[in-house]
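Chemist: Pasting a structure below so you can have a look.
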Amino acid sequence: MPTRFKSFLLCTLSLVIFTTTCQSAASPHGTIQMKSEAEQRQIVDNFTFDDYKTLFEEVIIEANQFDVEEPLRKWIIRTLSQEQLYYETDLTDEQVITLSTEAMEKDAVWKTVAKDQYNIHVTEEEVDRYIQQGPDQSDLPSHLAYASALGLSLQELNHQFDRDLYEKNTVWLKLKLKLEKKYQTDDNNELVNRYEEEINAHLD
């Protein structure tokens, strides 16, 4: 797999599996301390497929103890995975539910604003093509272990379980072009932050 795509996919997976990253010290649900950069880097550098699979299997067992239905269960798995890999703080059950619900609702608003305000639409074929050309080619241990822990093939994970998040990535490729014109910049981080501000305005 090309190095550039590996780097992009690793970043994408950090969003796909760990969508609650931004719920940190500013969280209204109590301060959430993150592991140090050194600790996080040690995980990335040293965790094997088996290490990740054990972690994700434990996460799924814990997620199954919550009396919730899909799609919230999916978001709980993502929150718990984030907690295990990146949080120093141990989340309470209430925090897990709240953070997962907020992330799920914010994801819906993110897509609604793109559609209603910017007239961004993507087809099922476009999403499939995006996945086939990228995530389906992944050989990252974390990605493969995530699929295995869920009892899915990599393709089933990408095209079904995590399809909602890859749809978001597909939307972003089109949305980014309109945001570049609106904000007169092609800096991706700046555009992400600007759009985040728009989303938060709709959530307030």
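Chemist: Among the listed residues W75, W110, which satisfies the condition of being within 18 Å of Y146 (Cα to Cα) and modelled with pLDDT of 95 or more? Before you say what the answer is, go through the steps one by one.
Modeler: Details: W110 fails: within 18 Å of Y146 (Cα to Cα).
Matching residue, one of W75, W110: W75.
Chemist: Among the residues of the range 73-94, is there at least one that is surrounded by 18 or more Cβ atoms within 10 Å (Cβ to Cβ) and farther than 24 Å from L140 by Cα?
Modeler: Yes; the residues of the range 73-94 include at least one that is surrounded by 18 or more Cβ atoms within 10 Å (Cβ to Cβ) and farther than 24 Å from L140 by Cα.
Chemist: Name the residues in the range 166-204 that are over 16 Å from Y118 (Cα atoms) and aliphatic (A, V, I, L, M), would you?
Modeler: L203, the sole residue that qualifies.
Chemist: Filter the helices (runs of 4 or more DSSP H) completely within the range 85-189 down to those with at least 2 residues that are free of Cβ contacts under 8 Å to residues at least 24 places away in the same chain. Steps first, please.
Modeler: Numbers: elements: 93-118, 124-133, 141-149, 163-183.
By residue number, 93-118, 124-133, 163-183.
Chemist: Can you tell me which residue within the range 112-145, out of those that are small (G, A, S) and over 25 Å from E58 (Cα atoms), is farthest from the chain's Cα centre (by Cα)?
Modeler: Pass one, the range 112-145, residues small (G, A, S): 114, 134, 138, 142, 145.
Imposing the further condition that a residue be over 25 Å from E58 (Cα atoms) reduces the set to 114, 134.
Numbers: A114: 18, G134: 16 Å.
Of everything passing the filter in the range 112-145, A114 is farthest from the chain's Cα centre (by Cα).
Chemist: Yes or no: D139 modelled with pLDDT under 95, surrounded by fewer than 15 Cβ atoms within 10 Å (Cβ to Cβ), out of contact with any strand residue (DSSP E or B) (no Cβ under 8 Å at 6 or more places or on another chain) and not polar (S, T, N, Q)?
Modeler: Values: modelled with pLDDT under 95: yes; surrounded by fewer than 15 Cβ atoms within 10 Å (Cβ to Cβ): yes; out of contact with any strand residue (DSSP E or B) (no Cβ under 8 Å at 6 or more places or on another chain): yes; not polar (S, T, N, Q): yes.
Yes.
Chemist: Since V16 meets every condition but one in (1) in contact with a helix residue (DSSP H, G or I) (Cβ under 7 Å, 6 or more places away or on another chain); (2) surrounded by fewer than 17 Cβ atoms within 10 Å (Cβ to Cβ); (3) modelled with pLDDT under 90, which condition does it not meet?
Modeler: Every condition holds for V16 apart from (2).
Chemist: Continuing with this model, one more query. Just to check your reading of the model, which residue among A149, A145, A103, A108 is hydrophobic (A, V, I, L, M, F, W, C), surrounded by fewer than 14 Cβ atoms within 10 Å (Cβ to Cβ), out of contact with any His (no Cβ under 9 Å at 6 or more places or on another chain) and closer than 23 Å to I77 by Cβ? Don't jump to the end; show me each part of the working.
Modeler: Numbers: A149 fails: surrounded by fewer than 14 Cβ atoms within 10 Å (Cβ to Cβ); A145 fails: surrounded by fewer than 14 Cβ atoms within 10 Å (Cβ to Cβ); A103 fails: surrounded by fewer than 14 Cβ atoms within 10 Å (Cβ to Cβ).
Residue meeting the stated conditions: A108.
Chemist: While we're here: Quick check on my filter: what residues within the range 33-71 are touching a helix residue (DSSP H, G or I) at 6+ places or on another chain (Cβ under 7 Å) and among the basic types (K, R)?
Modeler: Correct list: K35, K53.
The values are calculated or read from the model by the stated rules, or taken from the named source; none is laboratory data. This is a predicted model, so every value here is computed, not measured. All Cβ positions, even for glycine, are placed from backbone atoms using ideal geometry, and neighbour counts span all protein chains on display.
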